[in-house]
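Below you'll find the structure, written out as structure tokens, and then a few comments.
The values are calculated or read from the model by the stated rules, or taken from the named source; none is laboratory data. None of these values were measured; they are calculated from a predicted model. Counting neighbours? That spans all protein chains shown, and the Cβs are built from the backbone with ideal geometry, glycine included. Side chains included, ligands, DNA and RNA excluded: accessible areas come from the protein's heavy atoms. Shrake-Rupley method; radii C 1.70, N 1.55, O 1.52, S 1.80 Å.
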Amino acid sequence: MRQSDFGSGPVAVWLGLRLVVFGRRTNRSASSAMRQPLDFLATRTGITLPVAIILVLSLLADSVFDRMSDNLYKRQSLLEHRQGSQGLAVMGHLLLLTEVLERASKTGRIGAADHSKLNSELGALVTQLNKMKVRLDQPDTAGLEGARIYDPKILRAGMVATRAIEEVVAELRAIKSPEIESIAGIADGLTERVHSAHTATVKFLIEVGELEQALVAGQSSKLAWLSTSASVFIAATALVGIVSLILLKREIIARQHRQHAERRAEYLAYFDPMTGLPNRVQFQDRVTIDLVERKRAALLLIDLDSFKEINDRLGHAMGDTVLREIAYRLRVEAEGNDGFAARLGGDEFAIFLPTDNTKFLRNFCQTILEECRRPVNKGGDTVHTGVSVGLATTTQASVSMSPTFEAMMRITDFALYASKDAGRSRYTLYDSDLEFQFNLRRKIVEDLPEAMANGDLEVFLQPKVEIESWRVYGFEALVRWRRDGRMLEPSEFIQVAEESGLIVDIDRHITQRAIALVADWNRRHKVDYSLSINLSALHLLARHSTAFVSDALFRNSFPANRLTIEITESVQLDSWDQVRLGLAALRD
């Protein structure tokens, strides 16, 4: 195989590497890339530059190797097929002449046949001699770009051989007839000169042979160098290929990581990672699309009951288990009725159903309540929970508003609030009265702080009387709210205040005011009336304090044994350890 056969290899490798390189993009700066060689090679410039250099060097080497190989081949061919063959032809003619002369020396005469042969060989010898002389004077170097193929030794040997042959030719041409009697006398001399010419020709051929051997040795050396160069080039190409494969592997792994991260980010953008349900974003998108198409549909909002207590008593791991189990049950029921469920956040879920059939929806809500009442088991622990459900349909929403996602969420939230307010573990179907009540409650919550600041919350002291003697022995503090010219009963705002947490501030306000009134009355009238006040059970929880009671007693010099505190029963208390601490503080 000639070196030029390697020409297509670098091109194929280069094209393959270019396909790898152009698929890689990088934003690293050149300075940081140089500090990290592999990262630099992974850039377009970093991989293109060495590949281009290898390609250019391989093409140049291929061209040089081709020229060198062709010159060596042509030189060897010229010596072998031109001068070498002509020298051998001359030697053959000289040997035939020698035979004729030796026979003439023995017989003393040259016969007609030998004379004819002598003339024939002499003519052929002259022809070859002339060619040999011409090619010694003007070597045929066509295609060798003027390179010399002879050295002085060969030229000298060739000159000696041609002169010796010319002398033989000159003397042989002097033999005109086979009748020459003196042929025996000159045959020996001619034979000697023919031998001398033969010897000179042999020396010439030896010099030519030595040059051929030198050329062959040089060619072998060049071919060995070419082989080494080819091995180096193959090794360099293999190295580039290995580096490219490493970079390709890194790129594939990095791309897989990017794709995984993108899929993960996309999943997190639309799904809840804990339960696998659609999150609020996806739920809103899907519901919005369905509502735009004006489909008759229903929306359910679902809250877990007492979920905080589950986390507090059994830990967040159990809380997560409960969330996943409830999510699974909701999904099964929703998808089994051509709807879909979502987790909106925390312990709040939602279901969208493609129907506004009230009877079906009531049955569906009842099924949801029953499914969610089933206990959840984990590691030997059993949790009994439940859910509160709010339900609204697009038909109900479209009576007073456009059934957008926001509108549906708002009115369904009214229904959910009503379920929780009515004792939980139930469902409520939205109607306009619910919205009116909700707006009224919201306004009460907004106005209560200002009412306390302005003195609109008034303390009334209801006498406590002994029936037998009709003697007044104390009072019970009652609160009334003078609002918009009307006196509101406690039932109209106390529950709302308790649910919003404002009852804590109201109790402090009423306690301070009532103790101050009775203490002042006792001092002015020299009496010893007692006082009863109502406090919300929220004061017994950890986040609130009962220190305001002792503070009011101390500031007004009111005897603690004249104060009776009644704890309301409107708030469910589960943390009994904390309740005991609160009661102990009040007793002290």
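The Cα atoms of segment 342-469 give a gyration tensor whose axes a ≥ b ≥ c have a/c of 1.5 or more with a/b no greater than b/c, which makes the shape oblate. Applying the Karplus relation 6.51 cos²θ - 1.76 cosθ + 1.60 with θ = phi - 60° to segment 274-291 yields 3J(HN,Hα) values of 7, 9, x, 7, x, 8, 4, 4, 5, 4, 4, 4, 5, 5, 4, 4, 5, 6 Hz, where x marks Gly and Pro. Projecting label points 7 angstrom from Cα along Cα→Cβ for Q259 and R374 puts them 3.9 nm apart. A crude spin-label estimate for the pair D320 and A584, with each label 7 Å from Cα along the Cβ direction, gives 3.5 nm. Accessible surface of K308, taken over heavy atoms with a 1.4 Å probe and every protein chain present, rounds to 130 Å². Potential lengthening of the chain between W470 and E167 amounts to 91.1 nm, from the contour at 0.36 nm per residue minus the alpha-carbon distance. Our coupling estimate for segment 424-431, obtained by passing each phi through the Karplus curve with A = 6.51, B = -1.76, C = 1.60 and θ = phi - 60°, is 6, 6, 7, 10, 9, 8, 4, 8 Hz, Gly and Pro reported as x.
Among the trypsin sites (Lys or Arg not before Pro) in segment 497-526, those located in a DSSP loop and surrounded by at most 12 other Cβ atoms within 10 Å of their own Cβ are K526. Each label point was placed 7 Å from the Cα along the Cα-to-Cβ direction; for Q366 and S557 their separation is 6.7 nm. Proximity of backbone amide H atoms, modeled 1.01 Å from N, is registered between R424 and no other residue at under 5 Å, excluding neighbours fewer than 5 places apart on the same chain. Overall shape: prolate for segment 313-366, with the ratio a/c of the largest to smallest alpha carbon gyration tensor axis at 1.5 or above and a/b above b/c. The slack between D431 and L245, meaning 0.36 nm per residue of separation minus the straight C-alpha distance, is 60.1 nm. Summing +1 for each Lys or Arg and -1 for each Asp or Glu among the other residues whose beta-carbon sits under 12 angstrom from that of D338 gives -2.
Here are some pairs, K308/K359; K420/K443; K295/K443; K295/K359; K359/K443; K295/K420; which of them have Cα atoms lying more than 24 Å apart in this structure? Long pairs (Cα-Cα over 24 Å): K308/K359; K295/K443; K359/K443; K295/K420. Let a ≥ b ≥ c be the square roots of the eigenvalues of the Cα gyration tensor of segment 240-372; is it rounded (a/c under 1.5), or, if not, prolate (a/b larger than b/c) or oblate? Cα axes put segment 240-372 in the oblate bin.
Once the chain from Q462 to D381 is taken as fully extended at 0.36 nm per residue, the excess over their C-alpha distance is 24.1 nm. Using R0 = 51 Å, the C-beta based FRET efficiency linking A236 and L155 works out to 0.70.
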